[in-house]
Amino acid sequence: MNDRHGTATIELRSESEVVTRRSFDAPRARVFDAISQPEQVRHWFSADRTPLHICEIDLRVGGNYHFAWYAPNGVECTFRGYFLEIERPTRIVQTWTYEGWPDDGAVETLTLAEDDGVTTMTSVLRFADAARRGDHFQGDTQGVQNSYDQLEDLLAGQPPR
């Protein structure tokens with residue numbers, strides 16, 4: 001098992017797209033479950049490593065999801081959306097909205113590709129325009145790294161760091 005902490009790549013592919021990639025030492029079906037089952041998501045989806053107090057997922061086309069946690073400064077961070085496509089275990093397409101900026105929502109396409117027991121997850125976030133994308137991604141990638149590091153630990157059966 002390789003330690004891949006801090007290895008997510010984030011690319012601003014166009015004025016309105018952000019592409020994030022990260023590999024995990026786990027089969028694709030295991031990664032799919034970890035990103036789609038609330039009892040697993042609640043252990044890793046938090047940019048600042050604080051626990052989710054809301055983690056709801058209705059994994060079906062048209063179903064909703066809702067994640068929320070309190071940042072160390074006490075501000076509630078909330079993401080929500082609904083599922084547009086689900087192809088287990090290879091692909092999820094969903095809307096993506098941060099409640100602080102409800103007009104800046106995006107469509108996220110998550111794909112999982114497995115090669116010799118290593119699964120690469122690719123997220124493509126498509127915003128309406130550069131301004132909306134810019135609200136969310138201004139060079140701060142630590143939150144994404146933290147979340148994916150916690151996902152790696154979950155997949156390896158380790159406690160969060």
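Phe45 passes every criterion in (1) outside any loop (DSSP other than H, G, I, E, B); (2) within 23 Å of Gln145 (Cβ to Cβ); (3) in contact with a strand residue (DSSP E or B) (Cβ under 7 Å, 6 or more places away or on another chain) apart from (1).
Applying the selection to the range 43-54, what residues are more than 13 Å from the chain's Cα centre (by Cα) and at pLDDT 90 or above? Step through it out loud before you land on a result.
Start the filter on the range 43-54 by keeping residues that are more than 13 Å from the chain's Cα centre (by Cα), which leaves 48-54.
Matches in the range 43-54: Leu52, His53, Ile54.
Within the span defined as the range 66-75, one or more residues are out of contact with any helix residue (DSSP H, G or I) (no Cβ under 8 Å at 6 or more places or on another chain) and surrounded by 19 or more Cβ atoms within 10 Å (Cβ to Cβ).
Scanning the range 48-76 for residues being of a type in the set (Asp, Glu) and not in a loop (DSSP other than H, G, I, E, B) gives a total of 2. For the range 104-129, the set of residues classified as in a strand (DSSP E or B) and more than 12 Å from the chain's Cα centre (by Cα) consists of Ala106, Val107, Leu112, Ala113, Glu114, Asp115, Val118, Thr119, Thr120, Arg126, Phe127, listed by residue number.
Checking each residue in the range 10-42 for being among the polar types (S, T, N, Q), outside any loop (DSSP other than H, G, I, E, B) and modelled with pLDDT of 90 or more picks out Thr20, Ser23, Ser36, Gln40.
Let's see how each residue does on (1) touching a Cys at 6+ places or on another chain (Cβ under 8 Å); (2) within 22 Å of Phe127 (Cβ to Cβ); (3) surrounded by 17 or more Cβ atoms within 10 Å (Cβ to Cβ):
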{"residue": "Ala34", "(1), (2), (3)": "no, no, yes"}
{"residue": "Pro38", "(1), (2), (3)": "yes, no, yes"}
{"residue": "His43", "(1), (2), (3)": "no, no, yes"}
{"residue": "Phe83", "(1), (2), (3)": "no, yes, yes"}
{"residue": "Gln94", "(1), (2), (3)": "no, yes, yes"}
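If Asn64 satisfies all but one of (1) under 21 Å from Gln145 (Cα atoms); (2) among the polar types (S, T, N, Q); (3) modelled with pLDDT of 95 or more, what's the number of the condition it fails? Exception for Asn64: condition (1).
The values are calculated or read from the model by the stated rules, or taken from the named source; none is laboratory data. Being a predicted model, the structure only gives us computed values, none of them experimental. Note: ideal-geometry Cβ built from the backbone for every residue, glycine included; neighbour counts use all protein chains shown.
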